[in-house]
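> Next up is a structure, given as structure tokens.
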Amino acid sequence: MLTAVELRAAVPNVAGDAPGEACHFPQPGEQGTAVKGCTEENSVFVDSFLYDDEAMEALHEAEPPQLSRSYCPDVAKPKECLPLNFLSHSLDLQELGFIFSSRCLGDLKGRTICDVGSRLGPVLWGAYHLSTAERIVGVEMNGWFCDLQRKIVKSRNLGDRIAVIEADICSEQGQKQLREADVVVLHNVFEFFGDAAAIERCWTTVRACVSRKGQRLVTVPSLEEAIKKIDASRAPNLREWVAEIPLAYPEKEVDPEQAQAQEQEGEVAEDDSSDDDDEDEDEETEEFTSIKMYVVK
Ligand SMILES: C[S@@+](CC[C@H](N)C(=O)[O-])C[C@H]1O[C@@H](n2cnc3c(N)ncnc32)[C@H](O)[C@@H]1O
């Protein structure tokens, strides 16, 4: 599998952004989905395909640190800093392992998979190495990322199964790929890359083109979450469109030291948490719960 270290050298920063790329955080009062509670001020992007936990720890621990853990809402009060939220534009290796396992997509022999917004290509490399999908298509609107993906496809001889298409998913070419795919992957795809009108247009296109019975969608976050802020009168009707396929999420592996620390914290926090429901508890003990799968009815 392509190593993250090789790719790191090709991108200009830890966020894994293309040169000159600007992400769009929805502004207060603006429609368009955002990752819960994350704002431009309290969040920072670190690409988790390029930097796993260990590599990220090394950035924090570097002298001087290459990545801060906190931010100060008031620069005049440097002691009142808060922890930063870390966001990633890419799926990491563990998430890819889950998606292409029998717990999620299972056997893809002879199938076509389309990753909408393929960026650095983790889904493409994952599909190539971890599945037997016959055709693996990345549709990406950013030309710089397409060039980078194509270079890798060429240097690694992956062109027998992978195709990279530079296009907006709403274009004719993009729509064709959506219609032809057996599996469509949508990972935080439109959230940070357009305004509310663009997000709505993209989801309307996906709804119209991924409409063949049996086509599957793998999404992060859930479709409900992703379309939440689109005006209900224009948002895709999920009940008519898809059925969710329940996934067998694995239990989180527990690091004993961390568990002990959390237990101690929990003893204090427990008094505050009154009636957490079962679902929340499951999400805390299981991995990859933001990954959802649906089948078109
Ligand atoms: C969060 S990244 C997902 C990366 C990759 N699919 C993964 O899961 O690791 C979303 C990507 O979608 C691209 N994108 C956003 N809107 C798009 C559109 N309308 N058509 C094609 N690509 C789009 C962005 O340029 C960005 O590279």
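> Taking square-rooted eigenvalues a ≥ b ≥ c of the alpha carbon gyration tensor, is segment 122-176 rounded, prolate or oblate, where a/c under 1.5 means rounded and, failing that, a/b exceeding b/c means prolate? Before the final figure, lay out each step's value.
Values: a/c = 2.25, a/b = 1.38, b/c = 1.63.
Oblate shape, in that a/c is at least 1.5 and b/c is the bigger or equal ratio.
> At a Förster distance of 51 Å, what's the computed FRET efficiency of residue 238 paired with residue 63, Cβ-Cβ distance as r, to 0.05? The partial results should precede the final answer.
Working: r = 50 Å, r/R0 = 0.97.
The value I calculate is 0.55.
> Further, regarding this structure: Quick check: convex hull over the Cα atoms of the chain, volume per residue in Å³, rounded to an integer? Walk me through the intermediate numbers first.
Values: hull volume 49.0 nm³, N = 297.
Each residue corresponds to 165 Å³ of Cα convex hull volume.
> Using only the alpha carbons of segment 145-272, determine the length spanned along each of the three principal axes and report them from longest to shortest in whole angstroms.
56, 47, 31
> Show me, for segment 113-120, the HN-Hα J-couplings you get by feeding each phi into the Karplus relation (A = 6.51, B = -1.76, C = 1.60, θ = phi - 60°), rounded to Hz, glycine and proline as x.
Taking θ as phi minus 60°, the curve returns 10, 10, 9, 7, x, 7, 6, 7 Hz for segment 113-120.
> Using a 10 Å cut-off around each Cβ, can you sort 82, 124, 93 from fewest to most neighbouring Cβ atoms?
Going from least to most buried by this count: 82, 93, 124.
> Please turn the phi angles of segment 220-234 into ³J(HN,Hα) values with the Karplus equation 6.51 cos²θ - 1.76 cosθ + 1.60 (θ = phi - 60°), one per residue in order, whole Hz, x for glycine and proline.
9, x, 4, 4, 4, 5, 5, 9, 3, 8, 6, 3, 3, 5, 10
> How far, in nm, would the chain grow between residue 231 and residue 253 when pulled straight, counting 0.36 nm per residue and subtracting the alpha carbon separation?
Length gained between residue 231 and residue 253: 4.0 nm.
> Cut-off under 25 Å on the C-alpha distance; same-chain residues fewer than 8 positions from residue 228 excluded. Which lysines are left, in chain and number order?
36, 213, 292, 297
> In whole Hz, what ³J(HN,Hα) sequence does segment 91-101 give by Karplus (6.51, -1.76, 1.60; θ = phi - 60°), x for Gly and Pro?
My calculation for segment 91-101 gives 6, 9, 4, 5, 5, 5, x, 5, 4, 8, 8 Hz in order.
None of the figures in this text is laboratory data; all of them are computed from the coordinates on show. Because the structure is predicted, anything quoted here is derived from the model rather than measured. A quick note on method: Cβ atoms are made from the backbone with ideal geometry, for glycine too, and the neighbour counts reach across all protein chains shown.
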